[in-house]
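The values are calculated or read from the model by the stated rules, or taken from the named source; none is laboratory data. Being a predicted model, the structure only gives us computed values, none of them experimental. FYI the Cβ positions are ideal-geometry reconstructions off the backbone, even for glycines, and counts take in every protein chain you see. All accessible areas refer to the heavy atoms of the entire protein, side chains included, with ligands and DNA or RNA removed. Shrake-Rupley method; radii C 1.70, N 1.55, O 1.52, S 1.80 Å.
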Amino acid sequence: MDEKKGHYAKHSGPKAEKKKLKKVSDGSASNNPKAFAVASAGRMARQAMRTADISQKKLHVPMVDRTPDEAPPPVIVAVMGPPGTGKSTLIKSLVRRYSKYTISQITGPITVVAGKKRRITFLECPNDLSSMIDVAKIADLVLLLIDANFGFEMETMEFLNILAPHGMPRIMGVLTHLDLFKKTSTLREAKKRLKHRFWTELYQGAKLFYLSGVLNGRYPDREILNLSRFISVMKFRPLRWRNQHPYLLADRMEDLTLPVDIEQNPKVGRKITLYGYLHGTNLPKHDASVHIPGVGDFVTSDVSSLEDPCPPPDADKVRRRRLSEKQKLIYGPMADIGGILFDKDRVYIEVPTSNFSKDENSEAGFGERMVMQLQEAQQPLGVDGNSGLQLFSNSDAIDTVDRESSEIDNVGRKTRRQPTGLINQELIKEDEGAFDDSDVNSADENEDVDFTGKIGAINNEDESDNEEVAFADSDSDLGGQFDDEDSNLRWKEGLASKAALAYSQSGKRRRNIQKIFYDESLSPKDAYAEYKGESAKSSESDLVVSDDEEDFFKVSKVANESISSNHEKLMESESDRLSKKWENPQLLAQLKSRFITGSLLDSIEGQEEVSQDDEEGDFEDLEDEENSSDNEMEESSGSSVTAENEESADEVDFQTEREENARKKEELRLRFEEEDRGDPEKKDVDWYTEEKEKIARQLVINREAFEDMDPESRAEIEGYRAGTYVRIVINDVPFEFVEHFDSRYPVVVGGLLPNEQRYGLVQVRIKRHRWHKKILKTNDPLIFSMGWRRFQSIPVYSISDSRTRNRMLKYTPEHMHCFGTFYGPFVAPNSGFCAVQSVANSFAKAGSFRIAATGSVLNIDQSTDIVKKLKLTGVPYKIFKNTAFIKKMFSSPLEVAKFEGANIRTVSGIRGQVKKAVDQEHGHFRATFEDKILMSDIVFLRAWYPVQVRKFCTMVTNLLETDKTEWNGMRLTGEVRHELGLKTPLRPNSQYQEIVRPSRHFNPLKVPASLQAQLPFNSRQKALRPRSKPTYMQKRTVLLNAEERKVRDLLQKVMTLHTDKEAKRKAKKAAEHERYHKRMQKEEQAYIEKKREEKAEWFAQHGKRLRQDGNSSGSGKRSKN
């Protein structure tokens, strides 16, 4: 078969010319409009709409991120899961990955360094409701462990529903126990099923990690490495509640109570200190109101910052690509990691070998014996009033001091102090003229000095001489006194000048200029003197030091003035120049506008004038201050002359002023139009970006305001910032917190705002959780988790009735929200909360969902307006045309007076109104109706009765219990009766009774004959008169002849035979059915026995293989430890 010929392109002809023209192009995209046209307008619109929806879904309300950039606090990673899912193993693996440290047991938070600026605090969440609620409020990232062999458990679902109302943090799922699956297909199906179920609870695309088996007590390194990389680079968005409150997770607790107080009263309120990294907003340094969930509300006694025990590597400002082994720090005091504890003024280093036990240290040294004696002491030092102070071992104790004699004797040293050193008497004599400036330089340079004295003594002949002794600062200042050659005494040079300079500098200290400037009690001269460091007393008295004082050098006021004379002259010249400068009224006006009392309008006009001058090209040489001051004087003198000419010109030329005003108006109009149009440079900037830029600018302004302040002053003003490792001292803490302290349960310290410290009625929008089995009843106690607090209160449920009143509900409605009002602490509106009926683990039933309700806060108030329906009934005892007298509705005339004018109604629908009481004893009243009522009618009155909310609120103090998981508060009456074995009391009025209603007999309707005659025939009564005689058909008699009697007799016989035949046939049919049913029962029994034998035989042969397949598929849950 021949091969196909290749295509031969034409090089000439019309087609070739067309192709050549197509190839020629000028490079512009407009030559091919079809390539840039829209193929389908509808498709393009849908695509644009989808793109806009995706971009808008990513946006959220801009919030201020108060986390500092330089030293952010550690990220709190909470590891949560049901028992036996591998929480401790995961934390051990992650800590080993970050710090190369092996942990044996996890008993508290553990902080590690994860990067250049990131630190991570790992926290294992216990499985009780109280701990889960506390962890949900502080966790930045939650690692949700799921047993893939079993699936989702109730604890996981409860924790997810606790996270939602408290601000959903970042969540990552982790599947464990994947090694129990033997078949790959079963493992793949389980992963897919759990992944989609996890996405249903969170969102589509939520991250889910897979951890296979455990090797050497840890998960595989490659899987932990992938998980740690995601944790290290994850970004966190600030949550609203945490962005408004300071809080910390305590990683250490110490009891500072005196042991003597504990011995005297074991139940005394304890003084404790809590340590931890501060998160959220700034914490005030003094008297900060805080709440410890599980303990109560407190006011901090002292808050101080400590050295960071686990500083980030970026603190040394050294650029590096990776962390060294020394920088991979770990800190966990509650888990006994590190062995170093930081305190306010000390550092504790654990030394396991040191032991100060009396039994084990029989050969202890002197210091160890002192420590053991102090341990045995019953009272602290100074408590015993009979004991005194013993200065020496061979002296008596000093008990009392004679104050009068001590004041008389306390007059100072009377003799010269005997110095220790190598001093010559001639040096002392030469030192007398040290303050004479003329004699300082006239000393003999070649003078020989004879050092004949001994070390530690002075050759003095006259003990009463009051000369002062001077010492050299060092051996080098003695001027080579140990050399044989003559040397110059360099230490004597410039003694007077050095002394005067030291004295002048000693009075200088840092002044608070703002305090001096705004102190109205000080005059300008006194303020200037205070700024210079000269007090009023020192200016009046001479600063001449007496000879009796023991200073080395005696400085007089004259010497001080001679030294600072040049400085004073310079200050005088500077003050003259400034006074001349600020005599200019324009400059003074500009200065006044800078203060808070200045006019903003004047400042704006001044700025416009300055800007106009700048446009003209004038400038000022800031360095040439002298020339500028002269020029200012000339300008001020010349301005007075020109001002008069300008005033005269303005009075004459009104047209110029009008033109100027018109120009300003036009400029303002253009400015307003420009603001309406917006900035042309920011046309593409939307509202979201603009708000974020505004927040960023405000953060920069706030940061610059405190940038120049020292840390202590800054802490006094704004408190301690997030990321600071603080030490909080709290007084009067219940002793149970220290006695029953367990580091496995988290201790959170949350700051309270001023409005959150009050209690009142809180109105919320609440909805029963769809997974909770029972509906909620009014006045049943409920435990709320709202803000930092967990408290028990008694809610009253209500619903808005046509937006006119809040009508009380006895039970919460199904599948819809209602209002709830209870007494409790105030929180900000729109704050979420969750509610449970009990936090005790013993209360939880197998498979029951414990989250009872969720909702948000609507309003906080001191009063309520909830009402319930009240129906009062009565019966008439006297009836007129439209008036009736009613009884049995009220019990006194006072009650009738309260309801005068109220609407009433009968059962038949006749409406009426309450008028006045007619009886002074029984509460009978007169009422009018729109029609006449009957004696059998029941009259009722619908009223609304106000419902008072019970003021009951108690905090959940589970951290004070020995068993933290078994806190019980107020219980229901039925639970108490069940526990005590009591029966429910039965009220006679509450029991159901049989209602006996007598039958009523109504009189026949009688229509008058005159009215009946006027009615049409169809409407008239058709009653017939009774007949007095029977009719023909009633009175006739029927007689049969002989033929008819034979026929009737025959028919009776035939019917009798037929009936007997049918009875026999039915009896025979019933017997056949009975025999058939017996036979079928025997066959069914035989069939069942045969199947049972076949099943037993089959399982005997194939049972072992079934058990093996069951273990490989992992259908059953493993046993929990």
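A few comments on the model shown:
- Pick from the range 832-853, criterion open to solvent by 40 Å² or more (accessible area, probe 1.4 Å) and either touching a Cys at 6+ places or on another chain (Cβ under 8 Å) or closer than 21 Å to Phe822 by Cβ (or both), ranking: modelled with the highest pLDDT: Gln837
- Considering (1) open to solvent by less than 90 Å² (accessible area, probe 1.4 Å); (2) at pLDDT below 90, the lone condition that Val1047 does not fulfil carries the number (2).
- Residue match in the range 775-792 (condition: over 26 Å from Asn968 (Cβ atoms) and at pLDDT below 95): no
For (1) closer than 30 Å to Asn968 by Cβ; (2) aliphatic (A, V, I, L, M); (3) at pLDDT below 90; (4) within 23 Å of the chain's Cα centre (by Cα), each residue gets a yes or a no:
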site	(1), (2), (3), (4)
Val685	no, yes, yes, no
Ala696	no, yes, yes, yes
Val700	no, yes, yes, no
Val733	yes, yes, no, yes
Val764	yes, yes, no, yes
Trp771	yes, no, no, no
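- Condition check for Glu1062: in a helix (DSSP H, G or I), open to solvent by 100 Å² or more (accessible area, probe 1.4 Å), over 30 Å from Pro82 (Cα atoms) and modelled with pLDDT of 90 or more: no
- The range 729-762, subset of a type in the set (Val, Ile, Thr) and within 15 Å of Gly296 (Cβ to Cβ), residue surrounded by the fewest Cβ atoms within 10 Å (Cβ to Cβ): Val738
- Single residue of the range 159-182 satisfying the filter (in contact with a helix residue (DSSP H, G or I) (Cβ under 7 Å, 6 or more places away or on another chain) and either assigned to a helix (DSSP H, G or I) or at pLDDT below 90 (or both)) that is farthest from Gly205 (Cα to Cα): Lys182
- Flag for Arg66 being open to solvent by 70 Å² or more (accessible area, probe 1.4 Å) and in a helix (DSSP H, G or I): no
- Residue count for the range 893-928, restricted to those that are free of Cβ contacts under 8 Å to residues at least 40 places away in the same chain, over 16 Å from Ala943 (Cβ atoms) and in a loop (DSSP other than H, G, I, E, B): 9.
- Leu1040 meets the stated requirement of being more than 30 Å from Gly974 (Cα to Cα) and open to solvent by less than 100 Å² (accessible area, probe 1.4 Å).
- Residue within the range 148-155 that is among the acidic types (Asp, Glu) and more than 23 Å from Phe784 (Cβ to Cβ) present: yes
- Options Leu858, Leu872: the member that is in the same structural domain as Val796 (by the TED database), open to solvent by less than 70 Å² (accessible area, probe 1.4 Å) and touching a residue at least 60 places away in the same chain (Cβ under 8 Å): Leu858
- Filtering Val956, Val914 for residues that are open to solvent by less than 30 Å² (accessible area, probe 1.4 Å) and farther than 30 Å from Gly294 by Cβ leaves a single hit, Val914.
- Exclusive hit being assigned to a loop (DSSP other than H, G, I, E, B), among the polar types (S, T, N, Q) and in contact (Cβ under 8 Å) with a residue 12 or more places away in the chain, set Asn731, Asn779, Asn755: Asn779
- Checking each residue in the range 959-980 for being open to solvent by 60 Å² or more (accessible area, probe 1.4 Å) and without any contact (Cβ under 8 Å) to a residue 24 or more places away in the chain picks out Asp963, Thr973, Glu975, Arg977, His978, Glu979, Leu980.
- Identity of the residue in the range 309-333, touching a Pro at 6+ places or on another chain (Cβ under 9 Å) and at pLDDT 85 or above, that ends up surrounded by the most Cβ atoms within 10 Å (Cβ to Cβ): Tyr331
So that you can scan it fast, the table gives a plain yes or no per residue for (1) out of contact with any Lys or Arg (no Cβ under 9 Å at 6 or more places or on another chain); (2) at pLDDT below 90; (3) part of a loop (DSSP other than H, G, I, E, B):
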position: Gln105; (1), (2), (3): yes, yes, yes
position: Lys117; (1), (2), (3): yes, yes, yes
position: Ser130; (1), (2), (3): no, no, no
position: Ala136; (1), (2), (3): yes, no, no
position: Val142; (1), (2), (3): no, no, no
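- Val260 being outside any loop (DSSP other than H, G, I, E, B) and either among the aliphatic types (A, V, I, L, M) or modelled with pLDDT under 90 (or both): yes
- Residue match in the range 785-793 (condition: in contact with a Cys (Cβ under 8 Å, 6 or more places away or on another chain) and over 28 Å from Leu959 (Cβ atoms)): no
- Selection within the range 74-98 - over 19 Å from Tyr745 (Cβ atoms), in a loop (DSSP other than H, G, I, E, B) and open to solvent by 20 Å² or more (accessible area, probe 1.4 Å): Gly84
- Filtered by the rule that a residue be closer than 15 Å to Leu94 by Cα and open to solvent by 50 Å² or more (accessible area, probe 1.4 Å), the range 182-223 gives Tyr210, Val214, Leu215, Asn216, Arg218, Asp221, Arg222.
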